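To start, the structure itself, in structure tokens.
Bear in mind these aren't lab numbers, they're just calculated from the coordinates by the rules spelled out. Just so it is clear, the structure is predicted and the values come from calculations on it, not from any experiment. With ideal geometry, Cβ positions are generated from the backbone for all residues, glycine too; neighbour counts draw on all protein chains shown.
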Amino acid sequence: MKTPIIDEILKLILKKGISFHTPGHKNGQVLASKLQEIWPREIWPFDLTEIDRLDNLHFPQGCIWESQRLTAEFFGARESFFLVNGTTVGIEAAIMALAYKEKIFIPRNAHKSIYSGAIIANSQIISLPVVFDQRLNIPLGLEPKVLEKYIKKNPTCKTLILPNPNYQGISYKVEENIQIAKEHGIKVILDEAHGSHFLLGDLFPKTGLALGADIVIQSWHKTLPALTQASVLHVNKNYQGPNLKPYLNLLQSTSPSYLLLASLEGARFFLEEARESVGNIINNILKFKTSLSSLSNFEIGVDTAEPQDPLKLCVASPMLTGKQLAELLQERYSIYPELATDEYILFILGLTEDNTNLEKLRSALTEINQMMANLPERDKPSLASLDIVYQQQMPIQEAFHSEKEMLPLQKSLGRICGQFVTKYPPGIPYLIPGEEITKEIINSGENFMLEVVREGVSKK
């Protein structure tokens, strides 16, 4: 198993060269005293720039080119591109390549970066309603019949973007939707931010490349051992469309972090090794999840027949909100979930055979389960979901660039939203620029301040 980037970095470090180039920390010689205390000096020499044989991310011909080639070969892609600005930059580049000044189908549970890409590419958004899990208020995904309906209404739209899986790990009818899109000559971009590990086998949902998506973007840092921001864009072998390189070069940093690049290569190395142990890992996780079913005051998982990622775990309780459960876990047990809402908490489990942390989580949930035994069921407020008919009354680009003013949501009836209203995580906008603020939206949302387009600006 080859690691060309890591090998070249190590060769350079062993030379113990004298730095008269960027970055300014000079291999760790120039540091703030606080960082000297908490960060090992051994880390800094790995933070290099494009010198000697380290290649160039924008025009790779050496170790970066070879590492990307090995990644494409491993994933079965025509090309794979390393991303140091996160999956966001890959999504924006793909939208620029396929939907510049064109229409694009976007499900309403799409990540904010997708709408950002539409602004940059001057794309016209065709927003697609999605179905929800009514118990947990989770946006599941796009129904194929809805996609077919919108394709008939918008025959000139030739690009579709989908998540695979959604934030909670559910691959909701992705295969059917890709098939429908292909039958109508529509290019498919897959936001596979949470599915980088699906390649490991049948225990996971299918990868976007296997399903026939044209372009697949993955956040390796979310579920693989890569540093935050480290992502990969794959181009499928059957892709016929514009070259992605110019768009990536336009958007990516010209000072890429070799820490990120090395971590991507290390994550691919990990995937190659993990194929032998993944069966044991997932069997342990499934046993762990089964054991939680005996906790009578908890509701475990999402009730759906669609493929689910075993690394995701949703936990809810009739007695406490997800936010209250998360607070207990953090304050009493130093356990930190990925997400906490009023309805549930979400955990991302690790690809490791070490069950120590799973046992700690099981023990904590068992104690909380006993503590809730005498608590009454909580009043559940009406769900504020994305299950609303949104009206795009102004192009997203025009609203984004328009003059705006701040108003409370409750006083914004009939006004045009001028900003993204988004909760992190998961980064799915509650409102996007250009949407009309209706009574339905006001009644289902919290009363927050937001920017609205100043009156007098014409609607679409």
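Within segment 298-316, find all residues whose amide N lies under 16 Å from a label point positioned 7 Å from the Cα of Ala210 along Cα-to-beta-carbon.
306-311
Can you list the residues, at least 5 places off or on another chain, whose amide H is less than 5 Å from the amide H of Glu79, using H built in the peptide plane?
Placed amide hydrogens put Val235 under 5 Å from Glu79.
Can you list the residues, at least 5 places off or on another chain, whose amide H is less than 5 Å from the amide H of Glu299, using H built in the peptide plane?
Ala316, Ser317
Translational diffusion coefficient, Stokes-Einstein: compute it for segment 396-453 using the Kirkwood radius over C-alpha pairs as Rh, at 20 °C and 1.002 mPa s, and state it as an integer in µm² s⁻¹. Kindly include the intermediate steps, with their values, before the conclusion.
Values: Rh = 11.2 Å.
Result for D is 191 µm²/s.
Can you give the alpha-carbon Rg of segment 119-164 over 2.2 N^0.38 Å, where N counts its residues? Could the numbers behind the result be given before it?
On the way: Rg = 12.6 Å, N = 46, 2.2 N^0.38 = 9.4 Å.
So segment 119-164 has a normalised radius of gyration of 1.34.
Would you mind calculating the gained length between Gln370 and Thr228 on full extension (0.36 nm times residue separation, minus the Cα-Cα distance), in nm to one decimal?
Working: separation 142, 0.36 × 142 = 51.12 nm, distance 3.67 nm.
That works out to 47.4 nm of additional length.
Of all chymotrypsin sites (Phe, Trp or Tyr not before Pro) in segment 91-170, which ones are in loop regions per DSSP and have a Cβ with at most 10 other Cβ atoms within 10 Å?
Details: sites: Tyr100, Phe105, Tyr115, Phe132, Tyr150, Tyr167; in loops: Tyr100, Tyr167.
Passing both the DSSP loop test and the Cβ count: no residue.
So which of Lys145/Lys245; Lys16/Lys222; Lys112/Lys206; Lys149/Lys245; Lys11/Lys112 end up more than 32 Å apart by C-alpha? The partial results should precede the final answer.
Numbers: Lys145/Lys245 35 Å; Lys16/Lys222 34 Å; Lys112/Lys206 24 Å; Lys149/Lys245 34 Å; Lys11/Lys112 40 Å.
Result: Lys145/Lys245; Lys16/Lys222; Lys149/Lys245; Lys11/Lys112 exceed 32 Å.
Compute the longest continuous run of the chain that contains no exposed GluC sites (Glu not before Pro); treat a site as exposed when its DSSP state is not H, G, I, E or B and it has at most 14 other Cβ atoms within 10 Å.
Values: sites that count: Glu42, Glu276, Glu353, Glu377, Glu403, Glu446, Glu455.
Free of exposed loop sites, the longest segment is 43-275.
Taking a spot 7 Å from the Cα of Asn357 along the direction of its beta carbon, which residues of segment 218-244 have an amide N less than 15 Å from it?
Label zone hits: 221-228.
Going by amide H atoms built from the backbone, whose H comes under 5 Å of the H on Arg415, apart from near neighbours?
Amide H to amide H, under 5 Å and 5 or more residues apart or across chains, Arg415 pairs with Ile437.
Please compute, for the alpha-carbon atoms of segment 1-72, the extent along each of the three principal axes and give them in descending order in Å.
Its Cα atoms span 42, 25, 22 Å along the three principal axes.
What is the spin-label model distance, in nm, from Gln29 to Leu250 if the labels are put 7 Å beyond Cα along the C-beta direction?
4.1
Could you check the spin-label model distance between Ser296 and Arg275? Points 7 Å from the Cα along Cα→Cβ, value in nm.
Those two pseudo-labels are separated by 4.8 nm.
Identify all lysines with a Cα-Cα distance to Lys15 below 18 Å; exclude those on the same chain that are fewer than 8 residues away in sequence.
Of all the lysines, those that pass the test against Lys15 - Cα under 18 Å, at least 8 places apart if same chain - are Lys26.
Can you give the relative contact order of the chain as a percent, counting alpha carbon pairs under 8 Å and 6+ residues apart?
Details: 833 pairs, mean separation 64.6, N = 460.
Over the chain, the number comes to 14 percent.
Given a Förster radius of 30 Å and the C-beta distance between Tyr333 and Glu306 as r, what FRET efficiency does 1/(1 + (r/R0)^6) yield to the nearest 0.05? Mind showing how you got there, number by number?
Values: r = 32 Å, r/R0 = 1.05.
So, using R0 = 30 Å, E works out to roughly 0.40.
Put a dot 7 Å past each Cα toward the Cβ at Gln61 and His21; how far apart are the dots in nm?
Placing both labels 7 Å beyond Cα along the Cβ direction yields 1.5 nm.
Counting only Cα atoms, I'd like the Rg/Rh figure for the chain, Kirkwood definition for Rh.
Values: Rg = 23.5 Å, Rh = 24.0 Å.
Taking Rh as the inverse mean 1/r over Cα pairs, Rg/Rh reads 0.98.
As a test of understanding, state the convex hull volume per residue of segment 276-341 from its alpha carbons, in Å³. Kindly include the intermediate steps, with their values, before the conclusion.
On the way: hull volume 7.8 nm³, N = 66.
Hull volume normalised by residue count: 118 Å³.
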